[in-house]
Amino acid sequence: MALNIRKISTIQNLQRLIKNMHRKITLTLITTALMSLSLGTSAKCETEVFYCQSSIPADVEVLLCLEDSALTLEKFNFDDNISLSEFEHSTFEKGSYHRSLVNENTLFLKSHNKVSSLTFTEYNSAELGEDTREISIEIDIENKKQKITCNNKSFSRLSEIEDTIELYN
């Protein structure tokens with residue numbers, strides 16, 4: 001009996017240790033990201049988090065990277081009048097929605113310039129026996145929102161970013 005109690009206690013201690021290690025790693029990642037978030041001009045991208053390409057309704061190419069534990073808007077080709085500098089001093093916020101057979105991950109980039117926000121979305125559903133996956137961005141330029149559905153060359157790893165994290169540039 002005492003042996004079984006020790007095994008259970010050891011398992012519980014290991015579970016606590018793993019949970020605490022996960023928290024410390026997450027906090028370290030968040031802290032580093034908060035200290036070093038930048039909108040990128042570097043040529044390399046350590047981890048591509050979100051890539052959207054589309055030609056309907058407009059030619060679009062957007063790349064969001066994770067570099068040195070910082071989110072970086074590496075590429076934003078949408079309108080010749082809008083440059084990456086539009087997104088300096090922006091805020092990233094991550095959220096997600098889950099219900100049975102549906103997962104949606106969203107990353108919001110908020111700015112106080114001409115482009116007031118970018119919303120990156122990854123939507124997966126298996127409702128009604130159909131698998132649906134949609135990657136999209138919504139661009140708000142001077143209070144005019146435009147949703148763009150990304151093509152099949154696009155990808156998203158938004159689910160790998162922790163929710164409720166606010167990252168500042």
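Here I56, I82 are screened, and the one residue that is of a type in the set (A, V, I, L, M), modelled with pLDDT of 60 or more, open to solvent by less than 30 Å² (accessible area, probe 1.4 Å) and within 22 Å of K145 (Cβ to Cβ) is I82.
Identify the residue in the stretch 85-112 that is closer than 15 Å to I161 by Cβ and of a type in the set (F, W, Y) and, among all such residues, is surrounded by the fewest Cβ atoms within 10 Å (Cβ to Cβ). So that I can check it myself, show each step before the final result.
Filtering the stretch 85-112 down to residues closer than 15 Å to I161 by Cβ leaves 91-98, 103-109.
Add one more test, that the residue is of a type in the set (F, W, Y), and what stays is 92, 97, 108.
Numbers: F92: 24, Y97: 11, F108: 17.
So the residue we want is Y97.
For the stretch 150-169, which residues satisfy the criterion of being under 15 Å from N105 (Cα atoms), outside any loop (DSSP other than H, G, I, E, B) and either hydrophobic (A, V, I, L, M, F, W, C) or modelled with pLDDT under 85 (or both)? Scanning the stretch 150-169 gives F155, L158, E166.
Taking the criterion of being under 20 Å from V49 (Cα atoms) and not hydrophobic (A, V, I, L, M, F, W, C), the residues of the stretch 133-158 that qualify are R133, E134, S136, E138, K147, T149, N151, N152, K153, S154, S156, R157. Just one of the listed residues (F76, F120) is at pLDDT below 90 and crowded, with 17+ Cβ neighbours inside 10 Å, namely F76.
Any residue in the stretch 78-97 that's of a type outside the set (S, T, Y): show its pairings with residues that are in a helix (DSSP H, G or I) at Cβ separation under 8 Å, as long as the two are six or more apart or on different chains. Here the result reads K94/L158, each pair linking the stretch 78-97 to a residue that is in a helix (DSSP H, G or I).
Collect the residues in the stretch 135-160 that are under 15 Å from H98 (Cα atoms) and either of a type in the set (K, R) or open to solvent by less than 80 Å² (accessible area, probe 1.4 Å) (or both), keeping them in residue-number order. Steps first, please.
Restricting attention to the stretch 135-160, the residues satisfying the condition of being under 15 Å from H98 (Cα atoms) are 158-160.
The answer is L158, S159.
For the stretch 89-114, filtering for residues that are in contact with a helix residue (DSSP H, G or I) (Cβ under 8 Å, 6 or more places away or on another chain) and modelled with pLDDT of 90 or more leaves 7.
The values are calculated or read from the model by the stated rules, or taken from the named source; none is laboratory data. All values reported here derive from a predicted model rather than from experimental measurement. Backbone-built Cβ (ideal geometry, glycine too); neighbour counts: all protein chains shown. Note: areas computed on protein heavy atoms with side chains; ligands, DNA, RNA excluded. Shrake-Rupley method; radii C 1.70, N 1.55, O 1.52, S 1.80 Å.
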